[in-house]
Amino acid sequence: GENVEQHPSTLSVQEGDSAVIKCTYSDSASNYFPWYKQELGKRPQLIIDIRSNVGEKKDQRIAVTLNKTAKHFSLHITETQPEDSAVYFCADNNNDMRFGAGTRLTVKP
Amino acid sequence: DTAVSQTPKYLVTQMGNDKSIKCEQNLGHDTMYWYKQDSKKFLKIMFSYNNKELIINETVPNRFSPKSPDKAHLNLHINSLELGDSAVYFCASSLGQGGNQPQHFGDGTRLSIL
């Protein structure tokens, strides 16, 4: 199956700014889209997910939007903090679970 | 009370050797997975098991063989290790199958081939 395309590969923002990471999927049958955060040397951890029956989901400073027509979904982090610095992975459930290539987010204090 | 635990955390060995990595989950999940994360951080699924049945077997060399004695365990055995096998291997588990539920990852096993 096709992988999920994720952009950008690296993202650097100033503390307090917003960060947006975008992913595009290919299989219209995909219906579950999680986002994982992986800090240096640690395991990936789920931070937010969205299912295909909703267009947006928010959890404090983190939100995910889904455009089923265009087959893309995005992670939005507002008021970024240095502890948000990590690699973020999107995924879809095409053929179980396929991950994007990751985005290394750096938040500068 | 780690939910998904894998051992060892680090594994350094010579090329050509055979090694195993163990994984156990205490979440009562139905499906377990093995992922390989290379130096570029790309996460690639290798295998998944549901109720002792192999669901996915990606284009992984047959030197890699998953073994599941029960639904709480999924071990990974690797024969004739090669330099390109150096990576971090993550075990994960989820409720149900088909990738419709969040996955819970172990802390990873860093495999280094000398």
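The values are calculated or read from the model by the stated rules, or taken from the named source; none is laboratory data. Everything numeric here is computed off the predicted structure, so don't read it as measured data. Cβ sites come from the backbone with ideal geometry, for glycine too, and all protein chains shown count toward neighbours. Accessible surface is based on the protein model in full, side chains and every heavy atom, while ligands, DNA and RNA are left aside. Shrake-Rupley method; radii C 1.70, N 1.55, O 1.52, S 1.80 Å.
When B:D85 is tested against (1) modelled with pLDDT of 95 or more; (2) within 14 Å of chain A (Cβ to nearest Cβ); (3) out of contact with any His (no Cβ under 9 Å at 6 or more places or on another chain), only condition (2) is not met. Within the stretch A:49-102, which residues are charged (D, E, K, R) and either under 23 Å from B:S94 (Cα atoms) or assigned to a strand (DSSP E or B) (or both)? Matches in the stretch A:49-102: A:D49, A:R51, A:E56, A:K57, A:K58, A:D59, A:D92, A:D96, A:R98. Looking at the stretch A:9-26, which of its residues are more than 14 Å from every other protein chain (Cβ to nearest Cβ), touching a Lys or Arg at 6+ places or on another chain (Cβ under 8 Å) and either among the β-branched types (V, I, T) or free of Cβ contacts under 8 Å to residues at least 24 places away in the same chain (or both)? If the condition is that a residue be more than 14 Å from every other protein chain (Cβ to nearest Cβ), touching a Lys or Arg at 6+ places or on another chain (Cβ under 8 Å) and either among the β-branched types (V, I, T) or free of Cβ contacts under 8 Å to residues at least 24 places away in the same chain (or both), then A:V13, A:T24 are the ones that fit. Tell me, yes or no, whether the stretch B:3-21 has at least one residue that is in contact with a Gly (Cβ under 9 Å, 6 or more places away or on another chain), within 17 Å of A:R98 (Cα to Cα) and part of a strand (DSSP E or B). No - not one qualifying residue is present in the stretch B:3-21.
Rundown of residues vs (1) under 14 Å from the mean Cα position of the chain (by Cα); (2) open to solvent by less than 50 Å² (accessible area, probe 1.4 Å); (3) touching a residue at least 12 places away in the same chain (Cβ under 8 Å), yes/no style:
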{"position": "A:H72", "(1), (2), (3)": "yes, no, yes"}
{"position": "A:A86", "(1), (2), (3)": "yes, yes, yes"}
{"position": "A:C90", "(1), (2), (3)": "yes, yes, yes"}
{"position": "A:N94", "(1), (2), (3)": "no, yes, yes"}
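Contact map, the stretch A:27-53: residues that are modelled with pLDDT of 95 or more paired with residues that are open to solvent by 40 Å² or more (accessible area, probe 1.4 Å) and among the acidic types (D, E), Cβ distance under 6 Å, separation 6+ or inter-chain. Pairs shown: A:R43/B:D107; A:I48/A:D59. Would you pick out the residues in the stretch B:29-53 that are touching a residue at least 24 places away in the same chain (Cβ under 8 Å) and surrounded by fewer than 16 Cβ atoms within 10 Å (Cβ to Cβ)? The answer is B:D30, B:D38, B:S39. Kindly check whether there is at least one residue in the stretch A:51-66 that is open to solvent by less than 30 Å² (accessible area, probe 1.4 Å), under 20 Å from B:I45 (Cα atoms) and within 14 Å of chain B (Cβ to nearest Cβ). For the stretch A:51-66, residues open to solvent by less than 30 Å² (accessible area, probe 1.4 Å), under 20 Å from B:I45 (Cα atoms) and within 14 Å of chain B (Cβ to nearest Cβ): absent. When residues in the stretch A:1-25 are screened for being open to solvent by 60 Å² or more (accessible area, probe 1.4 Å) and either at pLDDT below 95 or among the acidic types (D, E) (or both), 6 of them pass. Scanning the stretch B:105-114 for residues that are at the interface with chain A (Cβ under 8 Å from one of its Cβ atoms) and either outside any loop (DSSP other than H, G, I, E, B) or open to solvent by 30 Å² or more (accessible area, probe 1.4 Å) (or both) yields a total of 2.
Find the residue count for the stretch B:82-104, including only residues that are of a type in the set (D, E, K, R) and open to solvent by 50 Å² or more (accessible area, probe 1.4 Å).
Taking the stretch B:82-104 as the starting set, the residues that turn out to be of a type in the set (D, E, K, R) are B:82, B:85.
Checking the rest, the ones that are also open to solvent by 50 Å² or more (accessible area, probe 1.4 Å) come to B:82.
Counting residues in the stretch B:82-104 that are of a type in the set (D, E, K, R) and open to solvent by 50 Å² or more (accessible area, probe 1.4 Å) gives 1.
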